[in-house]
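Novice: Quick one: the structure is below, and I'll ask about it shortly.
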Amino acid sequence: MFDTVKDQLAEELAAVRDAGMEKHEAILETRQGARITLQDGSELINLCANNYLGLAGDPAMADAAHAALDQWGFGLASVRFICGTQEIHRRLEERIATFLGTEDAILFGSCFDANTGLFEVLLTADDAVISDELNHASIIDGIRLVKAQRLRYRNSDMADLETKLQEASGARRRLIATDGVFSMDGYIANLPAICDLAERYDAMVMVDDSHAVGILGPGGRGTPESTGAGGRVDILTGTLGKAIGGASGGYVASRREVVELLRQRSRPYLFSNTVAPPIVGAALAALDLLEASGERRERLAANTAWFRERLGQIGLEVLPGEHPIVPVMLGDENLAVRFSEELRSEGVLAVGFTYPVVPRGRARIRTQISAAHSDADLEQAVAAFAAVHARLGGGASGA
Ligand SMILES: *Cc1c(COP(=O)(O)O)cnc(C)c1O
């Protein structure tokens, strides 16, 4: 009987609402892009997609997906090891490995799957995993599945990481896990220092570069390239759902032995369907585009620098950095919520993030810039920020 549970669930839902934590889904009537139309007819400049290179709604991706659909079909109705591997799946894995400079790579249904399928293959009760406190939920969940000693260090705090590595000195293996980019702040992990410590304490390094691959570094190869730690990171995970096309899919790129063992043992790989051919074909096309030209990357960097500078000029406080995640700090939780609502009435979609997603008193509007944004899009977005700022205050001017 569902009746008792129904009441309990209704109470839990009410609690979510009362805590101001209810999430509402905006229903788009259009493709993903710099400007979108919602079901209520409103046309908005989109400042909250992970569509960094503008590929999500790009006809080039749709064309590549169509071509793969025609040649390879819609789906394979199988996991990889039974009858779910086509030539394009191996081609994409090899291509990702070459692009990132690793020995091999393995595809997953998502980066969430990649992270939940990684740790339990590599770590047993004899081992230790040392994780940045701000790591993505999928890393946290992946680590929950292991019996290894689990240690957490303060965000990007290298002294604390060193202490935790010392605590883990009795373990058979040590693995440091970090996001390449911390998604609420747009801050980049200090990979050279992490790799130095890893060498000193005989640890492996795992970096989830979902918010960096395709956009950071001169070749778009992500944080190892942009921080100068290329070749020193043992395991890279990432998504095809952000800069690399924006549909779905994820991967682990690493040493040959790691990838081979994942193919044998990783549960989300073994027991979940193969990535659909249209996505694989489009991901290959996305990598072609990225390697053929730096144009989208350069456009993104120029857009980001311009937007960061302009927001500062109108008196808003922006967390420093170069990443297209541009957090506009408001502090007060209610102000952040109202600011986001008012931006929407000014034609801009940008979400407010409040406690517990970010620390109390550190509420913000997180904006994300895209190569698809035109000058006019960004100028209009800044004008909206200025108008709302004038009405509500907040930010560096202290109004
Ligand atoms: C977006 C993201 C993921 C999830 O990627 P999916 O492919 O959508 O599952 C995992 N890790 C990080 C750091 C991310 O930003």
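Novice: Once you sort the root eigenvalues of the Cα gyration tensor of the range 75-142 as a ≥ b ≥ c, which label holds: rounded (a/c under 1.5), prolate (a/b larger than b/c) or oblate (the other case)?
Specialist: prolate
Novice: Would you work out which of L236, M1, C48 lies farthest towards the positive end of the dipole of the chain? Charges go on Cβ: Lys and Arg +1, Asp and Glu -1.
Specialist: Ranked along the dipole, the leading option is L236.
Novice: Now for a separate question. Of the candidates T98, T367, T223, which one comes out as most mobile in a Gaussian network treatment of the chain with C-alpha springs shorter than 10 Å?
Specialist: Sorting by GNM fluctuation, first place goes to T98.
Novice: The range 196-317: percent of C-alpha pairs farther apart than 22 Å?
Specialist: Result: 49 percent of Cα pairs exceed 22 Å.
Novice: Calculate the length of the line joining the C-alpha centroid of the range 174-192 to that of the range 259-276, in whole Å.
Specialist: 25
Novice: Placing unit charges on C-beta atoms (Lys and Arg positive, Asp and Glu negative, everything else neutral), compute the dipole magnitude of the range 59-292 about its Cα centre in debye, rounded to 20.
Specialist: 540
Novice: Looking at the chain, identify the longest residue range that excludes and avoids all trypsin sites (Lys or Arg not before Pro) in DSSP loops having at most 15 other Cβ atoms within 10 Å.
Specialist: It runs 32-146.
Novice: Can I ask one more? How much accessible area per residue does the chain have, in Å², with a 1.4 Å probe?
Specialist: Each residue of the chain exposes 46 Å² on average to a 1.4 Å probe.
Novice: Would you mind computing Rg(Cα) / (2.2 N^0.38 Å) for the range 1-130, counting N as its residues?
Specialist: 1.54
Novice: Have a look at the DSSP beta bridges in the chain and tell me what percent are antiparallel, nearest 5.
Specialist: 60
Novice: So what's the range 19-90 giving for Cα Rg divided by 2.2 N^0.38 Å, two decimals?
Specialist: Computed over Cα atoms of the range 19-90, the ratio equals 1.57.
Novice: In deg cm²/dmol, rounded to 500, what helix-only [θ] at 222 nm does the chain give when every DSSP H run of at least 4 residues adds -39500 (n - 2.57) and the total is split over its residues?
Specialist: One gets -13500 deg cm²/dmol as the mean residue ellipticity at 222 nm.
Novice: Which of C111, C195, C83 moves most in a GNM of the chain, Cα contacts under 10 Å?
Specialist: Checking each option, the largest mean-square fluctuation is seen for C83.
Novice: Another question, if that's okay. Assuming 0.692 mPa s and 37 °C, estimate D for the chain with Stokes-Einstein, Rh taken as the Kirkwood radius over Cα pairs, in µm²/s.
Specialist: 147
Novice: For the range 59-292, restrict the atom set to alpha-carbon positions and state the Rg and Dmax in Å.
Specialist: Looking at the range 59-292, its Cα Rg and Dmax stand at 17.3, 55 Å.
Novice: Pop out the carbon and sulfur fraction of the accessible area of the chain as a percent, whole number, probe 1.4 Å.
Specialist: Here carbon and sulfur together make up 50 percent of the probe-accessible area.
Novice: May I ask you to work out the translational diffusion coefficient for the range 284-355 at 37 °C, viscosity 0.692 mPa s, via Stokes-Einstein with Rh from the Kirkwood sum over Cα pairs, reported in whole µm²/s?
Specialist: Reported coefficient: 230 µm²/s.
The values are calculated or read from the model by the stated rules, or taken from the named source; none is laboratory data. These figures come from a predicted structure and were not determined experimentally. Methodologically, a virtual Cβ is constructed for each residue, glycine included, from the backbone with ideal geometry; neighbour enumeration extends over all protein chains shown. Calculation scope for accessible area: heavy atoms of the full protein, side chains included, ligands and nucleic acids excluded. Shrake-Rupley method; radii C 1.70, N 1.55, O 1.52, S 1.80 Å.
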